[in-house]
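Note sheet for the following structure.
A short reminder: the numbers here are calculations on the coordinates, not readings from a lab. This is a predicted model, so every value here is computed, not measured. Glycine gets a Cβ as well: all are built from the backbone with ideal geometry, and neighbour counts include every protein chain shown.
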């Protein structure tokens, strides 16, 4: 199911600490960066902090700029983003500033935590959403997306929340501000805790000096595993859709783009339909042909294709679904199920699934995948709609 775009935001010292152990909060950001954070807050639908941050910092989580708040209202949005907190125990003070400032609030908790929150009177200030015996981050994000309409979620801490979202491959972006000071106290809180994180290197998408601090923005690159989508899956599928736009138009074949990515986020190859002047080559075929069949990374790789890999074709002996399986790949992410425009009862996903591969469909990319095929007319796209 679709999830919000999750942006992790934090400031740390040069030695990686979020705070010191003194009685007052350590101010790591510069005034100019606080204004940047206010701008980011104004751009999102919701802001989330964990219970530990709520207890330690007693934040208000407001958009401070009147101009930015007015712009939100003019755009038909609430004056303030939805404020979200998470507490398994439900042990939150009813007099915290979080409950008494800004607009709507919601707290996610367990069944036991919900009872404690109601007894404390929190229900008078916020919606209480129990998630069962334990907190489930994916279920929480699905609720925010489907029930509350949250499309962009800013997460401002603390370290435990950031760690859990990264380790579960639920964070789309990390915005990290590096402050020019040291803390050096092993008792102080760090940004990220120990545990199993995604493999590979994150992608640096921006660096910016803001006064005496430096903003660094990173995106994950490692594909997901199994049938659930990860943030990097959306990045790579977007590239596949962009590649489809490079295809020479054809009245007898779809325009498709494909990317093959190793488990650590390394791009192995990319291709598109009719690449290199070959009038019948398919995107997945073009990409796989550029990889050594003995490459040990293939069995754990993911193929991203803007259109469902074909199950049958007249132009070559093996369809793309079979080429993918023969290469050893067992995970495919696609945007658009193949309509019956050129092949009746096309079902490459079934071929892949029957062979034990995982197939992930991200329908939010269906529009970009279809766009390079608009010249085929409305009938082809209507047939695609029928297959959904």
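Below is a table of values for the structure above.
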| quantity | calculated |
| --- | --- |
| Inter-label distance for residue 34 and residue 358, nm, one decimal - labels placed 7 Å from Cα along Cα-to-Cβ | 4.4 |
| Helix-only [θ]222 nm of the chain, DSSP H runs n ≥ 4, -39500 (n - 2.57) each, per residue, nearest 500 | -8000 deg cm²/dmol |
| Global form of the stretch 231-387, assessed from the alpha-carbon gyration tensor, a/c cut-off 1.5 | rounded |
| Mean shadow area of the stretch 244-311 over all directions, Cα convex hull, nm² | 4.8 |
| Part-to-part distance (alpha-carbon centres) for the stretch 166-196 and the stretch 61-138, which is given in Å | 24 |
| 19 Å cut-off, amide nitrogen to a point 7 angstrom out along residue 264 Cα→Cβ, residues in the stretch 285-304 | 291-303 |
| The stretch 1-138: C-alpha gyration tensor shape, a/c 1.5 cut-off, then a/b vs b/c | oblate |
| The chain, relative contact order [Cα under 8 Å, separation at least 6], % | 14 |
| The chain - share of DSSP beta bridges that are antiparallel (%, nearest 5) | 40 |
| Antiparallel %, DSSP beta bridges [both residues in the stretch 231-387], to 5 | 55 |
| Where a label projected 7 Å from the Cα of residue 70 along Cα→Cβ would reach, residues of the stretch 97-130 with amide N under 20 Å | 102-103 |
| The chain shape via C-alpha gyration tensor axes, a/c threshold 1.5 | prolate |
| Cβ-Cβ FRET estimate between residue 208 and residue 185, R0 fixed at 25 Å, reported to 0.05 | 0.30 |
